[in-house]
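A short write-up of the structure that comes next.
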Amino acid sequence: MATLELRNVNKTYGPGLPDTLKNIDLSIKAGEFLILVGPSGCGKSTLMNCIAGLETISGGAIMIGDQDVSGMSPKDRDIAMVFQSYALYPTMSVRENIAFGLKIRKMPAADIETEVARVAKLLQIEHLLNRKPGQLSGGQQQRVAMGRALARRPKIYLFDEPLSNLDAKLRVEMRTEMKLMHQRLKTTTVYVTHDQIEAMTLGDKVAVMKDGIIQQFGTPKDIYTNPANLFVASFIGSPPMNFIPLRLQRKDGRLIALLDSGQARCELPMGMQDAGLEDREVILGLRPEQIVLANGEPNGLPTIRAEVQVTEPTGPDTLVFVNLNETKVCCRLAPDIAPGVGETLTLQFDPSKVLLFDAKTGERLGVAGVAKTEASVGNIAQFKGR
(Lines give C-alpha, C1' and ligand atoms only; values in the text may rest on other atoms or scores of the structure.)
Protein backbone atom coordinates (compact mmCIF):
# COMPACT_ATOMS: atom_id res chain seq x y z
CA MET A 1 0.00 0.00 0.00
CA ALA A 2 1.46 3.36 -1.03
CA THR A 3 0.57 6.93 -1.90
CA LEU A 4 0.31 7.92 -5.56
CA GLU A 5 1.15 11.38 -6.86
CA LEU A 6 1.15 12.69 -10.42
CA ARG A 7 3.10 15.91 -10.85
CA ASN A 8 2.40 17.97 -13.99
CA VAL A 9 2.22 14.84 -16.16
CA ASN A 10 2.05 15.41 -19.92
CA LYS A 11 1.84 12.98 -22.81
CA THR A 12 2.19 13.60 -26.53
CA TYR A 13 2.72 11.12 -29.35
CA GLY A 14 4.95 13.29 -31.50
CA PRO A 15 5.96 16.79 -32.64
CA GLY A 16 3.08 18.83 -33.97
CA LEU A 17 0.47 16.56 -32.40
CA PRO A 18 -1.80 17.85 -29.62
CA ASP A 19 -1.07 16.73 -26.08
CA THR A 20 -3.06 13.66 -25.06
CA LEU A 21 -2.53 14.49 -21.37
CA LYS A 22 -2.13 18.08 -20.22
CA ASN A 23 -0.59 19.06 -16.88
CA ILE A 24 -2.12 16.27 -14.81
CA ASP A 25 -1.76 16.88 -11.08
CA LEU A 26 -3.25 14.31 -8.72
CA SER A 27 -2.48 13.00 -5.27
CA ILE A 28 -4.17 10.16 -3.38
CA LYS A 29 -3.39 8.75 0.04
CA ALA A 30 -2.33 5.19 0.77
CA GLY A 31 -5.37 2.91 0.65
CA GLU A 32 -7.62 5.33 -1.27
CA PHE A 33 -9.73 4.32 -4.27
CA LEU A 34 -9.31 6.79 -7.16
CA ILE A 35 -11.70 6.80 -10.12
CA LEU A 36 -10.65 8.25 -13.47
CA VAL A 37 -13.91 8.95 -15.32
CA GLY A 38 -14.78 10.62 -18.58
CA PRO A 39 -16.09 10.01 -22.11
CA SER A 40 -14.27 7.88 -24.65
CA GLY A 41 -11.08 9.54 -25.89
CA CYS A 42 -10.65 11.79 -22.86
CA GLY A 43 -7.23 10.32 -21.96
CA LYS A 44 -8.13 8.24 -18.91
CA SER A 45 -6.79 4.93 -20.25
CA THR A 46 -3.64 6.68 -21.49
CA LEU A 47 -3.12 8.08 -17.99
CA MET A 48 -3.62 4.60 -16.52
CA ASN A 49 -1.05 3.15 -18.94
CA CYS A 50 1.40 5.89 -17.96
CA ILE A 51 1.01 4.98 -14.28
CA ALA A 52 1.56 1.32 -15.17
CA GLY A 53 4.63 2.10 -17.27
CA LEU A 54 3.07 0.79 -20.48
CA GLU A 55 3.33 4.33 -21.90
CA THR A 56 6.19 6.77 -21.33
CA ILE A 57 5.28 10.26 -20.20
CA SER A 58 6.49 13.33 -22.11
CA GLY A 59 6.91 15.47 -19.01
CA GLY A 60 6.32 15.58 -15.28
CA ALA A 61 6.75 12.85 -12.67
CA ILE A 62 4.87 9.84 -11.30
CA MET A 63 5.56 9.16 -7.63
CA ILE A 64 4.68 5.92 -5.85
CA GLY A 65 5.40 6.49 -2.19
CA ASP A 66 8.50 8.67 -2.11
CA GLN A 67 9.98 7.13 -5.28
CA ASP A 68 9.86 8.62 -8.77
CA VAL A 69 8.93 5.69 -11.04
CA SER A 70 8.60 7.71 -14.26
CA GLY A 71 11.58 6.03 -15.89
CA MET A 72 11.07 2.54 -14.45
CA SER A 73 9.87 -0.46 -16.42
CA PRO A 74 6.42 -1.85 -15.52
CA LYS A 75 7.87 -4.87 -13.68
CA ASP A 76 9.81 -2.62 -11.32
CA ARG A 77 6.88 -0.42 -10.27
CA ASP A 78 5.24 -3.01 -7.99
CA ILE A 79 1.77 -2.57 -9.46
CA ALA A 80 -0.85 -5.04 -10.72
CA MET A 81 -3.24 -4.27 -13.55
CA VAL A 82 -6.59 -5.78 -14.59
CA PHE A 83 -7.48 -5.12 -18.24
CA GLN A 84 -10.86 -4.68 -19.89
CA SER A 85 -10.30 -7.90 -21.89
CA TYR A 86 -9.11 -9.81 -18.76
CA ALA A 87 -6.03 -11.10 -20.74
CA LEU A 88 -6.15 -14.62 -19.30
CA TYR A 89 -3.95 -17.38 -20.71
CA PRO A 90 -6.44 -19.66 -22.52
CA THR A 91 -4.35 -22.85 -22.22
CA MET A 92 -3.80 -22.47 -18.47
CA SER A 93 -6.23 -23.43 -15.73
CA VAL A 94 -7.61 -20.84 -13.33
CA ARG A 95 -5.09 -22.04 -10.76
CA GLU A 96 -2.21 -21.62 -13.21
CA ASN A 97 -3.41 -18.19 -14.33
CA ILE A 98 -3.47 -16.91 -10.74
CA ALA A 99 -0.12 -18.51 -9.94
CA PHE A 100 1.69 -17.37 -13.09
CA GLY A 101 3.00 -14.06 -11.80
CA LEU A 102 4.13 -15.66 -8.55
CA LYS A 103 6.11 -18.31 -10.45
CA ILE A 104 7.81 -15.59 -12.49
CA ARG A 105 8.87 -14.03 -9.18
CA LYS A 106 10.25 -17.44 -8.14
CA MET A 107 8.07 -17.73 -5.05
CA PRO A 108 8.32 -21.16 -3.35
CA ALA A 109 5.71 -23.66 -4.55
CA ALA A 110 4.13 -24.05 -1.10
CA ASP A 111 3.75 -20.28 -0.75
CA ILE A 112 2.21 -20.07 -4.22
CA GLU A 113 -0.38 -22.69 -3.32
CA THR A 114 -1.21 -20.85 -0.11
CA GLU A 115 -1.62 -17.55 -1.96
CA VAL A 116 -3.79 -19.07 -4.70
CA ALA A 117 -6.03 -20.62 -2.04
CA ARG A 118 -6.30 -17.28 -0.22
CA VAL A 119 -7.29 -15.37 -3.36
CA ALA A 120 -9.71 -18.06 -4.55
CA LYS A 121 -11.49 -17.99 -1.21
CA LEU A 122 -11.62 -14.19 -1.22
CA LEU A 123 -13.23 -14.14 -4.68
CA GLN A 124 -15.31 -17.28 -4.15
CA ILE A 125 -13.82 -19.14 -7.13
CA GLU A 126 -12.40 -22.18 -5.31
CA HIS A 127 -14.62 -24.52 -7.35
CA LEU A 128 -13.24 -23.07 -10.61
CA LEU A 129 -9.52 -23.61 -10.02
CA ASN A 130 -9.19 -26.55 -12.42
CA ARG A 131 -11.19 -25.03 -15.27
CA LYS A 132 -9.84 -23.22 -18.33
CA PRO A 133 -10.91 -19.62 -19.16
CA GLY A 134 -13.01 -20.88 -22.09
CA GLN A 135 -15.18 -22.80 -19.63
CA LEU A 136 -16.00 -19.69 -17.57
CA SER A 137 -18.65 -17.00 -17.83
CA GLY A 138 -17.69 -13.35 -18.26
CA GLY A 139 -18.13 -12.65 -14.56
CA GLN A 140 -16.04 -15.67 -13.61
CA GLN A 141 -13.25 -14.61 -16.00
CA GLN A 142 -13.33 -11.16 -14.45
CA ARG A 143 -12.87 -12.67 -10.99
CA VAL A 144 -9.91 -14.72 -12.20
CA ALA A 145 -8.26 -11.63 -13.71
CA MET A 146 -8.75 -9.87 -10.40
CA GLY A 147 -7.38 -12.90 -8.57
CA ARG A 148 -4.20 -12.84 -10.62
CA ALA A 149 -3.71 -9.20 -9.65
CA LEU A 150 -4.58 -9.78 -5.98
CA ALA A 151 -2.10 -12.63 -5.66
CA ARG A 152 0.74 -10.21 -6.36
CA ARG A 153 0.02 -8.08 -3.24
CA PRO A 154 1.38 -4.98 -5.02
CA LYS A 155 1.57 -1.42 -3.75
CA ILE A 156 -1.11 -0.26 -6.21
CA TYR A 157 -3.90 -1.94 -8.17
CA LEU A 158 -4.90 -0.57 -11.58
CA PHE A 159 -8.26 -1.48 -13.14
CA ASP A 160 -8.99 -0.48 -16.74
CA GLU A 161 -12.78 -0.70 -17.26
CA PRO A 162 -12.91 -4.25 -15.85
CA LEU A 163 -16.72 -4.44 -15.78
CA SER A 164 -17.53 -3.03 -19.22
CA ASN A 165 -17.90 -6.46 -20.87
CA LEU A 166 -20.46 -7.72 -18.33
CA ASP A 167 -24.24 -7.53 -18.57
CA ALA A 168 -26.06 -4.89 -16.52
CA LYS A 169 -27.11 -7.17 -13.64
CA LEU A 170 -23.66 -8.70 -13.27
CA ARG A 171 -22.02 -5.28 -13.38
CA VAL A 172 -24.05 -4.18 -10.37
CA GLU A 173 -23.13 -7.37 -8.48
CA MET A 174 -19.42 -7.12 -9.31
CA ARG A 175 -19.38 -3.42 -8.42
CA THR A 176 -20.54 -4.34 -4.93
CA GLU A 177 -17.96 -7.14 -4.75
CA MET A 178 -15.17 -4.76 -5.74
CA LYS A 179 -16.17 -2.28 -3.07
CA LEU A 180 -16.27 -5.00 -0.40
CA MET A 181 -12.90 -6.29 -1.58
CA HIS A 182 -11.31 -2.85 -1.32
CA GLN A 183 -12.76 -2.36 2.15
CA ARG A 184 -11.10 -5.61 3.22
CA LEU A 185 -7.73 -5.12 1.52
CA LYS A 186 -7.30 -1.33 1.89
CA THR A 187 -4.90 -1.27 -1.08
CA THR A 188 -4.34 1.90 -3.10
CA THR A 189 -6.44 1.52 -6.26
CA VAL A 190 -6.85 3.44 -9.53
CA TYR A 191 -9.93 2.54 -11.56
CA VAL A 192 -10.77 3.75 -15.08
CA THR A 193 -14.38 3.91 -16.25
CA HIS A 194 -16.70 5.88 -18.52
CA ASP A 195 -19.64 4.91 -16.30
CA GLN A 196 -20.47 7.75 -13.91
CA ILE A 197 -22.52 5.39 -11.70
CA GLU A 198 -19.37 3.34 -11.07
CA ALA A 199 -17.49 6.54 -10.36
CA MET A 200 -20.01 7.73 -7.79
CA THR A 201 -20.41 4.41 -6.00
CA LEU A 202 -16.86 3.02 -5.94
CA GLY A 203 -14.47 5.93 -5.48
CA ASP A 204 -13.09 7.71 -2.44
CA LYS A 205 -11.86 10.35 -4.90
CA VAL A 206 -12.95 11.03 -8.47
CA ALA A 207 -11.07 12.79 -11.27
CA VAL A 208 -13.36 13.85 -14.13
CA MET A 209 -11.45 14.10 -17.42
CA LYS A 210 -12.14 15.69 -20.80
CA ASP A 211 -9.71 16.31 -23.68
CA GLY A 212 -6.71 15.20 -21.60
CA ILE A 213 -7.49 17.70 -18.82
CA ILE A 214 -8.74 17.01 -15.31
CA GLN A 215 -11.87 19.12 -15.12
CA GLN A 216 -12.43 18.47 -11.41
CA PHE A 217 -10.94 16.32 -8.64
CA GLY A 218 -12.63 15.60 -5.33
CA THR A 219 -14.98 13.31 -3.46
CA PRO A 220 -18.05 11.97 -5.30
CA LYS A 221 -20.30 14.14 -3.13
CA ASP A 222 -18.27 17.29 -3.86
CA ILE A 223 -18.34 16.71 -7.58
CA TYR A 224 -22.07 15.96 -7.60
CA THR A 225 -23.16 18.92 -5.47
CA ASN A 226 -20.49 21.46 -6.49
CA PRO A 227 -19.52 20.82 -10.13
CA ALA A 228 -16.77 23.15 -11.32
CA ASN A 229 -18.17 23.64 -14.81
CA LEU A 230 -20.91 22.76 -17.25
CA PHE A 231 -19.18 19.60 -18.49
CA VAL A 232 -18.81 18.07 -15.03
CA ALA A 233 -22.39 19.01 -14.15
CA SER A 234 -23.69 17.36 -17.32
CA PHE A 235 -21.53 14.23 -17.10
CA ILE A 236 -22.09 13.33 -13.44
CA GLY A 237 -25.64 12.44 -12.45
CA SER A 238 -28.37 10.15 -13.76
CA PRO A 239 -30.74 11.50 -14.95
CA PRO A 240 -28.44 14.39 -15.86
CA MET A 241 -28.76 17.89 -14.50
CA ASN A 242 -31.30 20.18 -16.19
CA PHE A 243 -29.81 23.16 -18.04
CA ILE A 244 -32.00 26.19 -18.78
CA PRO A 245 -30.51 29.09 -20.80
CA LEU A 246 -31.71 32.52 -19.62
CA ARG A 247 -30.68 36.06 -18.71
CA LEU A 248 -30.57 37.21 -15.12
CA GLN A 249 -32.70 40.23 -14.26
CA ARG A 250 -32.73 42.67 -11.37
CA LYS A 251 -35.89 43.27 -9.38
CA ASP A 252 -36.23 45.17 -6.10
CA GLY A 253 -32.45 45.32 -5.84
CA ARG A 254 -31.84 41.60 -6.20
CA LEU A 255 -30.95 39.29 -9.07
CA ILE A 256 -33.62 36.88 -10.22
CA ALA A 257 -33.98 34.12 -12.81
CA LEU A 258 -37.36 34.15 -14.55
CA LEU A 259 -38.84 30.76 -15.49
CA ASP A 260 -41.81 30.50 -17.88
CA SER A 261 -43.81 27.31 -18.40
CA GLY A 262 -46.23 28.79 -20.92
CA GLN A 263 -48.93 28.64 -18.26
CA ALA A 264 -47.24 30.62 -15.50
CA ARG A 265 -44.07 32.42 -14.51
CA CYS A 266 -41.78 31.94 -11.53
CA GLU A 267 -39.08 34.20 -10.10
CA LEU A 268 -36.08 32.46 -8.54
CA PRO A 269 -33.99 34.80 -6.33
CA MET A 270 -30.30 34.19 -6.94
CA GLY A 271 -28.93 35.61 -3.68
CA MET A 272 -26.10 37.37 -5.55
CA GLN A 273 -25.28 41.07 -5.56
CA ASP A 274 -22.75 41.08 -8.41
CA ALA A 275 -23.89 43.78 -10.81
CA GLY A 276 -21.79 42.16 -13.55
CA LEU A 277 -24.28 39.28 -13.73
CA GLU A 278 -27.26 41.48 -14.55
CA ASP A 279 -28.67 40.85 -18.07
CA ARG A 280 -25.93 38.28 -18.59
CA GLU A 281 -26.59 35.12 -20.58
CA VAL A 282 -26.18 32.18 -18.21
CA ILE A 283 -27.10 28.53 -17.90
CA LEU A 284 -29.23 27.68 -14.87
CA GLY A 285 -28.55 24.16 -13.57
CA LEU A 286 -30.91 22.17 -11.37
CA ARG A 287 -30.88 18.45 -10.52
CA PRO A 288 -34.13 16.55 -11.29
CA GLU A 289 -34.56 15.54 -7.63
CA GLN A 290 -34.45 19.22 -6.62
CA ILE A 291 -37.71 19.95 -8.45
CA VAL A 292 -40.48 18.65 -6.19
CA LEU A 293 -44.24 18.56 -6.21
CA ALA A 294 -45.71 21.35 -4.06
CA ASN A 295 -47.84 19.94 -1.25
CA GLY A 296 -50.10 22.97 -0.96
CA GLU A 297 -48.66 24.18 2.33
CA PRO A 298 -47.02 27.63 2.10
CA ASN A 299 -43.28 27.50 2.85
CA GLY A 300 -42.02 30.56 1.00
CA LEU A 301 -40.37 28.61 -1.82
CA PRO A 302 -41.10 29.61 -5.45
CA THR A 303 -43.61 27.46 -7.36
CA ILE A 304 -44.75 27.20 -10.97
CA ARG A 305 -47.58 25.45 -12.77
CA ALA A 306 -46.40 23.38 -15.73
CA GLU A 307 -47.98 20.91 -18.16
CA VAL A 308 -46.69 17.32 -18.20
CA GLN A 309 -45.13 16.42 -21.56
CA VAL A 310 -43.81 12.91 -20.84
CA THR A 311 -43.94 10.53 -17.86
CA GLU A 312 -41.38 7.75 -17.30
CA PRO A 313 -42.03 5.42 -14.33
CA THR A 314 -38.73 3.74 -13.36
CA GLY A 315 -39.84 1.78 -10.28
CA PRO A 316 -38.08 3.64 -7.45
CA ASP A 317 -39.24 7.02 -8.82
CA THR A 318 -41.19 8.71 -11.61
CA LEU A 319 -39.48 10.99 -14.13
CA VAL A 320 -41.78 13.75 -15.32
CA PHE A 321 -40.80 16.09 -18.17
CA VAL A 322 -42.14 19.63 -18.53
CA ASN A 323 -41.13 22.66 -20.59
CA LEU A 324 -39.58 25.69 -18.89
CA ASN A 325 -38.26 28.55 -21.00
CA GLU A 326 -38.86 26.34 -24.06
CA THR A 327 -36.41 23.78 -22.64
CA LYS A 328 -37.24 20.19 -21.68
CA VAL A 329 -36.82 19.80 -17.92
CA CYS A 330 -36.81 16.53 -15.98
CA CYS A 331 -38.37 16.30 -12.49
CA ARG A 332 -37.74 13.27 -10.28
CA LEU A 333 -40.89 12.59 -8.27
CA ALA A 334 -42.07 9.88 -5.88
CA PRO A 335 -42.96 6.50 -7.45
CA ASP A 336 -46.63 6.73 -6.46
CA ILE A 337 -47.05 9.92 -8.49
CA ALA A 338 -48.17 9.09 -12.03
CA PRO A 339 -49.58 12.19 -13.76
CA GLY A 340 -50.99 11.86 -17.23
CA VAL A 341 -49.68 13.69 -20.29
CA GLY A 342 -51.32 17.11 -20.45
CA GLU A 343 -51.97 17.25 -16.71
CA THR A 344 -50.86 20.39 -14.90
CA LEU A 345 -48.57 20.06 -11.86
CA THR A 346 -47.49 22.68 -9.36
CA LEU A 347 -43.73 22.34 -8.97
CA GLN A 348 -41.52 23.85 -6.30
CA PHE A 349 -37.87 24.92 -6.32
CA ASP A 350 -35.30 25.63 -3.63
CA PRO A 351 -33.27 28.62 -4.95
CA SER A 352 -30.33 27.67 -2.73
CA LYS A 353 -29.88 24.49 -4.83
CA VAL A 354 -29.73 26.36 -8.15
CA LEU A 355 -26.35 26.50 -9.92
CA LEU A 356 -25.30 29.09 -12.51
CA PHE A 357 -22.80 28.65 -15.33
CA ASP A 358 -21.34 31.14 -17.77
CA ALA A 359 -22.98 30.51 -21.15
CA LYS A 360 -19.77 31.24 -23.07
CA THR A 361 -17.06 29.52 -21.01
CA GLY A 362 -19.13 26.93 -19.14
CA GLU A 363 -17.46 27.90 -15.86
CA ARG A 364 -19.41 27.94 -12.61
CA LEU A 365 -20.57 31.37 -11.41
CA GLY A 366 -20.99 32.72 -7.91
CA VAL A 367 -18.72 30.26 -6.08
CA ALA A 368 -15.15 30.27 -4.83
CA GLY A 369 -12.79 27.46 -4.01
CA VAL A 370 -14.29 24.81 -6.33
CA ALA A 371 -11.47 22.48 -7.41
CA LYS A 372 -11.19 22.81 -11.17
CA THR A 373 -8.84 23.34 -14.08
CA GLU A 374 -9.14 25.22 -17.34
CA ALA A 375 -11.78 23.60 -19.49
CA SER A 376 -13.12 24.09 -22.99
CA VAL A 377 -16.75 23.17 -22.57
CA GLY A 378 -18.20 23.93 -25.98
CA ASN A 379 -21.10 25.97 -27.19
CA ILE A 380 -24.29 26.68 -25.28
CA ALA A 381 -26.30 25.11 -28.10
CA GLN A 382 -25.39 21.55 -27.07
CA PHE A 383 -27.40 21.99 -23.85
CA LYS A 384 -30.56 23.42 -25.41
CA GLY A 385 -33.55 21.22 -25.92
CA ARG A 386 -32.61 18.66 -23.24
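The values are calculated or read from the model by the stated rules, or taken from the named source; none is laboratory data. The model shown is predicted, which means the values in this text are computed figures rather than measured ones. Positions of Cβ are backbone-derived with ideal geometry, glycine not excepted, and every protein chain shown enters the neighbour counts.
Descriptive notes on the structure:
- If you go through segment 259-277 and keep only what is within 24 Å of Asn323 (Cα to Cα) and touching a residue at least 60 places away in the same chain (Cβ under 8 Å), you end up with Leu259, Asp260, Ser261, Gly262, Gln263, Cys266, Leu268, Pro269, Met270.
- Within segment 58-91, tally of residues that are within 24 Å of the chain's Cα centre (by Cα) and on the phi < 0 side of the Ramachandran plot: 10
- Contact map, segment 31-53: residues that are assigned by TED's automatic domain parsing to the domain that holds Pro154 and closer than 17 Å to Thr3 by Cα paired with residues that are charged (D, E, K, R) and part of a strand (DSSP E or B), Cβ distance under 7 Å, separation 6+ or inter-chain. Pairs shown: Glu32/Lys205; Leu34/Lys205; Met48/Asp160; Cys50/Lys11.
- Residue selected from segment 61-82 under the condition hydrophobic (A, V, I, L, M, F, W, C) and without any contact (Cβ under 8 Å) to a residue 24 or more places away in the chain, by the criterion farthest from Thr187 (Cα to Cα): Met72
- Meets criteria (touching a strand residue (DSSP E or B) at 6+ places or on another chain (Cβ under 8 Å), surrounded by fewer than 24 Cβ atoms within 10 Å (Cβ to Cβ), assigned by TED's automatic domain parsing to the domain that holds Asp76 and part of a strand (DSSP E or B)) for Phe159: no
- Segment 11-102 holds strands (runs of 3 or more DSSP E) entirely within its bounds, and those carrying 1 or more residues that are surrounded by fewer than 20 Cβ atoms within 10 Å (Cβ to Cβ) and acidic (Asp, Glu) map to 21-28.
- Of the candidates Ile223, Ile256, the single residue that is in the same structural domain as Asp279 (by TED's automatic domain parsing), free of Cβ contacts under 8 Å to residues at least 40 places away in the same chain and buried (at least 17 other Cβ atoms within 10 Å of the Cβ) is Ile256.
- Residues of segment 195-220 classified as surrounded by 19 or more Cβ atoms within 10 Å (Cβ to Cβ), part of a loop (DSSP other than H, G, I, E, B) and within 9 Å of the chain's Cα centre (by Cα), total: 1
- From Glu173, Glu177, residue being within 29 Å of Leu54 (Cα to Cα) and under 19 Å from the mean Cα position of the chain (by Cα): Glu177
- Leading residue by the ranking (nearest to Ser164 (Cα to Cα)) among those in segment 103-149 that are buried (at least 20 other Cβ atoms within 10 Å of the Cβ) and of a type in the set (Gly, Ala, Ser): Ala145
- Among the residues of segment 318-371, those that are touching a residue at least 60 places away in the same chain (Cβ under 8 Å), buried (at least 18 other Cβ atoms within 10 Å of the Cβ) and more than 25 Å from the chain's Cα centre (by Cα) comprise Val322, Leu324, Thr327, Phe349.
- Criterion (aliphatic (A, V, I, L, M) and modelled with pLDDT of 90 or more) met by exactly one of Ile223, Ile256, Ile337: Ile223
- The residues in segment 270-317 that are more than 24 Å from the chain's Cα centre (by Cα) and in a helix (DSSP H, G or I) can be counted, and the count is 3.
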